[in-house]
Amino acid sequence: MKLPAEILRRCGIGIAPRRATRAMLGGFRSKLERDYRDHLRLLQLGGVVTAWAYEPETFVCAGGTRYTPDFIVWWANPNRVEVIEVKGHWWAKDRVRMREAAPVIGWPLIVVRRVHGQWVYDAPVGEKGNP
C-alpha cells in the first residue's frame, strides 16, 4: 500500500526538509539578509545609519545584465551612501556580475559576509586588489 505524501510528510519519512520561503523569512531571500536587516536596525537606533532600503532598485548593466543589490545604506558619519551585497559564499558568477554592476551604480558596492558571528565589510568591488 502506498501512503499519501501528507502522511509521509507528517512523519518525516523520505521527505527532504522544507526550505524557508520568502514569506517565512519576512520577505527576505535568505536568513543572512534578514539578519543583516536586524543589524542595520541596531545601527540605525545607535545613529550610525540614517536610513536603509532592501532591494530598492534594479540596475541594468553592460550587455543587458540586470542587478538588484540587497541593500542601499545611508551612513550618518561621514555622510555617505553604499550599496551592500550580503553573501554567504562568493561564487565566480557573483564576482563577474558585481564587477559589471559597480560602474553603473554610482555608489560604492560593498560585499558583506558574516564570519564567526561578526559582519565583515570587504573593500568596494572594482577597487584595486578587490575583484
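The values are calculated or read from the model by the stated rules, or taken from the named source; none is laboratory data. Model, not experiment: these values are computed from the prediction. Note: ideal-geometry Cβ built from the backbone for every residue, glycine included; neighbour counts use all protein chains shown.
Looking across the stretch 60-79, the residues that are modelled with pLDDT under 90, more than 15 Å from the chain's Cα centre (by Cα) and surrounded by 11 or more Cβ atoms within 10 Å (Cβ to Cβ) come down to V60, C61, T65.
Of the residues that sit in the stretch 83-124 and are among the acidic types (D, E) and in contact with a strand residue (DSSP E or B) (Cβ under 6 Å, 6 or more places away or on another chain), which one is nearest to T58 (Cα to Cα)?
We begin by selecting, within the stretch 83-124, every residue among the acidic types (D, E); these are 85, 94, 100, 122.
Filter once more, keeping what is in contact with a strand residue (DSSP E or B) (Cβ under 6 Å, 6 or more places away or on another chain): 85, 122.
Values: E85: 13, D122: 22 Å.
Only one residue fits best here, namely E85.
The criterion of being over 16 Å from the mean Cα position of the chain (by Cα) and under 22 Å from S30 (Cβ atoms) holds for L42.
Can you confirm whether the stretch 113-121 contains a residue that is surrounded by 12 or more Cβ atoms within 10 Å (Cβ to Cβ), in a strand (DSSP E or B) and among the hydrophobic types (A, V, I, L, M, F, W, C)? Looking for residues that are surrounded by 12 or more Cβ atoms within 10 Å (Cβ to Cβ), in a strand (DSSP E or B) and among the hydrophobic types (A, V, I, L, M, F, W, C), one finds at least one in the stretch 113-121, hence yes.
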